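The values are calculated or read from the model by the stated rules, or taken from the named source; none is laboratory data. Treat the numbers as computed from the prediction; the structure is a model and nothing was measured. Reconstructed Cβ throughout: ideal geometry from the backbone, glycine too, with neighbour counts over all protein chains shown.
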Amino acid sequence: MMTREEYREILKSNTLKELYDVETDQDKELPQPAVQKPCHETDLLIDLCPVGDFEGFTASFLDTLKGRKSRRKYSDGQISFNELSFLLWSTQGVKKIVNNGYATLRTVPSAGARHPFETYIIAQNVQGLTPGLYRYLPLEHKLVSLGELPDAKEKLDEATLSQKFIAASALTFVWAAVPYRSEWRYDCAAAKHIAIDAGHVCQNLYLAAEAVGAGVCAVAAYDQDLMDNLIGADGTEEFTVYLAAVGRQQQP
């Protein structure tokens, strides 16, 4: 097991300096990894609300910043499908595809435009959406249905170490890293960039949710194997790094 000092080295800038002595896969001119996981022809794809429909979300940015906080208590109200579309686009939405389709500029920054995350949604109380597991396709701005999750509340509660507010939320965002997307360019320094990028993504969720009257609480405490199994990640080439519960804010 690594020591605290060894873990800290991951976050230091020296990991970038060491890249000068490393021949990365980008340097070797190896093929770039895909910017999102592929779908199967038989997968059920769900169109999300177009970006133009988000213009109604006009909360003051100052009020949004002032109101932003972790919220662990939610009402029974649903999150609308339009709001879900907005939250997904706010956290991983693609604004432009560049480099012959191998890189994207999105609503959040990412080191080297690598964007190493897949976004999974465990939906429980979203208007017009059957409860179950979904994955966001940022290139198409669609959802792909990954099927129902029998006993979802119980499994989610167990995987998140009995933090009861998570299973009681309307939906849960789960961000899984596909590390090679960053490693292709940054090799051993990718771990630092992935950790930083996760913060960018989740903060956008906080702000976007606050703008539509939804509450968010980020979660970094979970059982790695159970969470990976829940979303179907293999735990090696893809694994959970962060999640967040989302629900309708309780009125004071």
#### Entry: Filter pass, Asp225 being buried (at least 23 other Cβ atoms within 10 Å of the Cβ), on the phi < 0 side of the Ramachandran plot and among the charged types (D, E, K, R)
no
### Message
Yes or no: the stretch 199-207 includes at least one residue that is modelled with pLDDT of 95 or more, among the aliphatic types (A, V, I, L, M) and farther than 25 Å from Thr236 by Cβ.
### Response
yes
### Task
Could you pull out the residue among Leu146, Leu133, Leu87, Leu137 that is more than 24 Å from Val212 (Cβ to Cβ), at pLDDT 95 or above and either touching an Asp or Glu at 6+ places or on another chain (Cβ under 6 Å) or crowded, with 16+ Cβ neighbours inside 10 Å (or both)?
Leu146
### Query
Any residue in the stretch 32-51 that is touching an Asp or Glu at 6+ places or on another chain (Cβ under 8 Å), exposed (fewer than 15 other Cβ atoms within 10 Å of the Cβ) and either of a type in the set (Ser, Thr, Tyr) or under 21 Å from Val94 (Cα atoms) (or both)?
yes
### Task
Kindly provide the set of residues from the stretch 144-194 that are in contact (Cβ under 8 Å) with a residue 60 or more places away in the chain, farther than 30 Å from Ser110 by Cα and hydrophobic (A, V, I, L, M, F, W, C), ordered by number.
Leu149, Ala168
### Query
Taking the condition on the phi < 0 side of the Ramachandran plot and surrounded by 22 or more Cβ atoms within 10 Å (Cβ to Cβ), does Ala167 pass?
no
### Task
Would you please name the residue that is nearest to Asp157 (Cα to Cα), looking only at residues in the stretch 228-252 that are crowded, with 16+ Cβ neighbours inside 10 Å and of a type in the set (D, E, K, R)?
Asp228
### Query
Considering the stretch 107-118 alone, what residues qualify as being touching a residue at least 60 places away in the same chain (Cβ under 8 Å), out of contact with any Lys or Arg (no Cβ under 7 Å at 6 or more places or on another chain) and surrounded by fewer than 24 Cβ atoms within 10 Å (Cβ to Cβ)?
Val108, Pro109, Ser110, Ala111
### Message
of a type in the set (Val, Ile, Thr), crowded, with 20+ Cβ neighbours inside 10 Å, closer than 30 Å to Thr58 by Cα and free of Cβ contacts under 8 Å to residues at least 60 places away in the same chain: which single residue out of Val212, Val219 fits that description?
### Response
Val219
### Query
Does at least one position in the stretch 18-26 carry a residue that is among the β-branched types (Val, Ile, Thr) and exposed (fewer than 10 other Cβ atoms within 10 Å of the Cβ)?
no
